[in-house]
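Structure first, commentary second.
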Amino acid sequence: MVYGLRRFRVESSTGEYLDIEIREEEGVLKARFLDDDREYVIRIISFDEELRQAVLEVNGRRIKISGLQSGIVVNGIPSIVKRIIELIPTSISSEKTTRQKKPIKSTEPGVVVTPIAGKIIDVKVKTGERVSEDTVVALLESMKMVTEIKAGVRGVVEKVYVEKGKTVNRGEKIVKINVREKQKN
C-alpha cells in the first residue's frame with residue numbers, strides 16, 4: 001500500500017536542479033529521480049533531531065547523514081546539495097482520494113493568475129516569448145513549498161506583471177499571453 005507521495009527539487013552548489021519523488025510504502029521510503037527513473041529503497045535506521053543526524057540504509061548500504069547550516073554531509077563528506085525545495089505535496093491512497101481546491105481562473109483571456117498567495121522565486125518567461133499550455137511561467141513559494149505556475153494556453157507573452165522576490169496574493173496577475181498570435185509550426 002502506498003501511504004504518501006512527495007516531490008522535491010534539489011539545487012546543487014553549481015545551480016543545477018534535480019527533481020526527486022519520494023513514496024512511503026509500508027515502512028520504507030522509495031526515492032525516484034524523475035529525470036531518469038533511478039529508484040532507491042531507503043530505510044531509516046536511526047534519527048536524532050537534536051543532533052540533526054540520521055543513519056539510513058539505501059539499497060542495502062548504510063550511510064550517515066548530517067545536516068549543517070552550510071549543507072548536508074554524507075558519510076563525513078560534504079555533499080554538493082545547496083538546498084532542497086519541497087514541491088506541491090501530493091497525497092495518494094488506495095483507500096480514499098482527496099478533493100482538490102478548485103483552481104482560480106482569470107476573467108481576462110490569456111491572463112495567468114496566482115493559484116495561492118506567496119512569493120515569486122523565479123519568472124521563467126519574457127515579453128515576446130512563445131509559450132505552450134505546459135510552459136512554466138513562474139515559480140511561487142508558499143509555506144516552504146514551490147508551485148509551478150503554467151501558461152495554460154498557447155501564444156506569445158504580451159506582458160509580465162511580476163518579478164522575482166515579489167509577494168503576491170491569490171488571483172493576482174502573473175503574465176498576459178496573446179492567444180490570437182498565429183503559431184509557427
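The values are calculated or read from the model by the stated rules, or taken from the named source; none is laboratory data. Keep in mind that this is a model prediction, so the values were computed, not measured. Surface areas here come from the heavy atoms of the whole protein model, side chains and all, with no ligands, DNA or RNA. Shrake-Rupley method; radii C 1.70, N 1.55, O 1.52, S 1.80 Å.
Whenever you get a sec, line up T127, T135 from highest to lowest accessible area (probe 1.4 Å, protein heavy atoms). Don't skip to the end; give the middle numbers.
On the way: T127 95, T135 35 Å².
Accessible-area ranking of T127, T135, largest first: T127, T135.
Could you pull out every one of the aspartates and glutamates with an alpha carbon less than 18 Å from that of K64, ignoring same-chain neighbours closer than 8 positions?
D48, E49, E50
When all protein chains stay in place, what accessible area (Å², nearest 10, 1.4 Å probe) is found for V28?
Surface accessible to solvent at V28 totals approximately 20 Å².
Beyond a 25 Å Cα-Cα separation, which of these cross-linked pairs lie in this structure: K126/K173; K144/K164; K30/K166; K124/K173? Write down the numbers at each step before the final one.
On the way: K126/K173 15 Å; K144/K164 16 Å; K30/K166 35 Å; K124/K173 15 Å.
Table pairs above 25 Å Cα-Cα are K30/K166.
For K166, K119, what's the largest-to-smallest order of accessible area, 1.4 Å probe?
Values: K166 70, K119 95 Å².
Most to least solvent-accessible, the answer reads K119, K166.
May I ask you to derive the relative contact order of region 3-49, considering only C-alpha pairs under 8 Å and at least 6 residues apart, and to give it as an integer percent?
The normalised contact order for region 3-49 reaches 27 percent.
So, taking all protein chains as they sit and a 1.4 Å probe, how much accessible area belongs to E172, in Å² rounded to tens?
50 Å²
With every protein chain left in place and a probe of 1.4 Å, what is the accessible surface of K30, to the nearest 10 Å²?
K30 has an accessible surface of roughly 50 Å² with all protein chains in place.
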